[in-house]
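Here's the structure we're looking at; comments come further down.
The values are calculated or read from the model by the stated rules, or taken from the named source; none is laboratory data. All of these numbers come straight from a predicted model, not from anything done at the bench. Here the Cβ positions follow ideal geometry from the backbone for every residue, glycine too, while neighbour counts run over all protein chains shown. All accessible areas refer to the heavy atoms of the entire protein, side chains included, with ligands and DNA or RNA removed. Shrake-Rupley method; radii C 1.70, N 1.55, O 1.52, S 1.80 Å.
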2 protein chains.
Amino acid sequence: MTTTMQQQISLITLGISDLARSKRFYGEGFGWKPVFETPGIVFYQMNGLMLGLWPTLDLEADMQRPGQRPGQRPGLARPGAFALAHNVPAQADVQPLLDRLAVAGGRMLRLADAPPHGGFRGYVADPDDHAWEIAWNPSWPIDADGRVTFGI
Amino acid sequence: MTTTMQQQISLITLGISDLARSKRFYGEGFGWKPVFETPGIVFYQMNGLMLGLWPTLDLEADMQRPGQRPGQRPGLARPGAFALAHNVPAQADVQPLLDRLAVAGGRMLRLADAPPHGGFRGYVADPDDHAWEIAWNPSWPIDADGRVTFGI
C-alpha cells in the first residue's frame, strides 16, 4: 500500500437491463444528470463518489460472476447485479489489497488485470458474496479526504 | 421538495449474516474502523457517505422485501440483501420523492413511515429491483455538497 487506507467508496455500479428505462428513473425520479454517457454506460457524479449504470451481463462478465440462479424470477436483481468499488492510488496496490481481503475472509472473483477501458482492477466477494472491485483508475482523481472526481 | 435534489448517496447498507465475520473482513481487509456499532449493526464513516452492515433478515424486514428465492444457494447475496439510500432534508420530502420515483418507473416497496430507530423512511425499487431507501434522518447532517456525516 502506498498510503494509509482511506475509508472510501469510489463507485457504485448497478447492473441494469434497459439503459433508457434506468436513465428515466434516475433522471426524472431523482433529477440527476449524467456526467458521462455512451450507449453502453452512464455515470453520475455523486457526493465524492460515482454511480454507474451498466448492463448486468457486462457487469457480470467483468466480475466473472454469472448471475441468474435456477428458480429465480427473471428481471429481478441478482447477486451479480451490483458491485462496490474502492479505488487505490497506484496500480501496484490493487492485487495486494485483493489478497488481503481474501485472507480476511473474502473470495477472489477475478485476479487483477487491465480492462479494455483502462486502469487495472480485480474483484473479491465479501463473506456474504457482495462484490467489491479494487481498482487503480488514474483518470479519476481521489482527494485527501477520499472523495473521487470523475475524469477522463 | 424543499431544496434542489442533490446528486448524493447517503448510505450503502449491506445485508450480512455474521457481523463478526464481516467486521473482520472490513477491519482487517480494508483497515476500516467503525464510527458506531452495537451487537446488531455497524456503521463506517466513508467519504461523505456511510457504509452500514446489518443482518440480512433485518434489512429485508425493514424493506418489506423478503429474500431467498427457490433454488438459490443459501448464504449468497440476494436481491433483498442490499439497499442504497438517499437522504432528504425534511420529513415532508420523503413520500413525494418516493411517489415521483414510482411514477418514473420504480416500484413502491414500502410507504414512508417512522422506523423504531427514528427519522422517517420508505423504500422504492428501481426498474431492475435495486432497492432505494428515501429517508429523513435529522441526526445525520448533510452539507451543501451533499456529504453526509454520521451523528447520533
Q) Under the condition of being hydrophobic (A, V, I, L, M, F, W, C) and facing another protein chain (nearest Cβ under 10 Å), which residue from the range B:29-45 is surrounded by the fewest Cβ atoms within 10 Å (Cβ to Cβ)? A) B:Val35
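Condition check: modelled with pLDDT under 85, over 28 Å from A:Val94 (Cβ atoms) and not in a loop (DSSP other than H, G, I, E, B). Does A:Gly71 satisfy that? Steps first, answer last, please.
Values: modelled with pLDDT under 85: yes; over 28 Å from A:Val94 (Cβ atoms): yes; not in a loop (DSSP other than H, G, I, E, B): no.
Against the criterion (modelled with pLDDT under 85, over 28 Å from A:Val94 (Cβ atoms) and not in a loop (DSSP other than H, G, I, E, B)), A:Gly71 does not qualify.
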**Q.** Residue tally, condition open to solvent by 30 Å² or more (accessible area, probe 1.4 Å), closer than 17 Å to A:Leu59 by Cα and either small (Gly, Ala, Ser) or touching a residue at least 60 places away in the same chain (Cβ under 8 Å) (or both), over the range A:100-136
**A.** 2
**Q.** Failed item, numbered, when B:Asp145 is tested on (1) closer than 20 Å to A:Ile12 by Cβ; (2) open to solvent by less than 60 Å² (accessible area, probe 1.4 Å); (3) assigned to a loop (DSSP other than H, G, I, E, B)
**A.** (2)
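In this structure, is A:Trp54 aromatic (Phe, Trp, Tyr), in a loop (DSSP other than H, G, I, E, B) and either out of contact with any His (no Cβ under 6 Å at 6 or more places or on another chain) or at pLDDT 85 or above (or both)? Give the derivation first.
Values: aromatic (Phe, Trp, Tyr): yes; in a loop (DSSP other than H, G, I, E, B): no; either out of contact with any His (no Cβ under 6 Å at 6 or more places or on another chain) or at pLDDT 85 or above (or both): yes.
Answer is no for this residue.
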Q. Does any residue in the range A:23-47 that is within 18 Å of B:Asn87 (Cβ to Cβ) and part of a loop (DSSP other than H, G, I, E, B) come within less than 7 Å, Cβ to Cβ, of a residue that is open to solvent by less than 30 Å² (accessible area, probe 1.4 Å) and among the polar types (S, T, N, Q) six or more places away or on a different chain, and which pairs are these?
A. A:Met46/B:Gln8; A:Asn47/B:Gln8
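Identify all residues within the range B:84-99 that are open to solvent by 50 Å² or more (accessible area, probe 1.4 Å) and either without any contact (Cβ under 8 Å) to a residue 40 or more places away in the chain or part of a loop (DSSP other than H, G, I, E, B) (or both); write none if there are none. Walk me through how you get there before you give the answer.
Just the residues of the range B:84-99 that are open to solvent by 50 Å² or more (accessible area, probe 1.4 Å), to begin with: B:89, B:91-92, B:96, B:99.
Once the filter is applied, which keeps residues that are open to solvent by 50 Å² or more (accessible area, probe 1.4 Å) and either without any contact (Cβ under 8 Å) to a residue 40 or more places away in the chain or part of a loop (DSSP other than H, G, I, E, B) (or both), the range B:84-99 yields B:Pro89, B:Asp99.
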Q: Quick one: in the range A:58-68, of everything that is open to solvent by 30 Å² or more (accessible area, probe 1.4 Å) and more than 14 Å from the chain's Cα centre (by Cα), which residue is modelled with the lowest pLDDT?
A: A:Gln68
(Q) Against the conditions (1) open to solvent by less than 60 Å² (accessible area, probe 1.4 Å); (2) within 17 Å of the chain's Cα centre (by Cα); (3) within 7 Å of chain A (Cβ to nearest Cβ), where does B:Ser17 fall short? Just the number, please. (A) (1)
Q.
Kindly evaluate B:Ile9 against the criterion of being surrounded by 22 or more Cβ atoms within 10 Å (Cβ to Cβ), farther than 25 Å from B:Ala90 by Cα and in contact (Cβ under 8 Å) with a residue 24 or more places away in the chain.
A. no
Q: Name every residue in the range A:127-152 that is β-branched (Val, Ile, Thr) and modelled with pLDDT under 85, in order of residue number.
A: A:Ile142, A:Val148, A:Thr149, A:Ile152
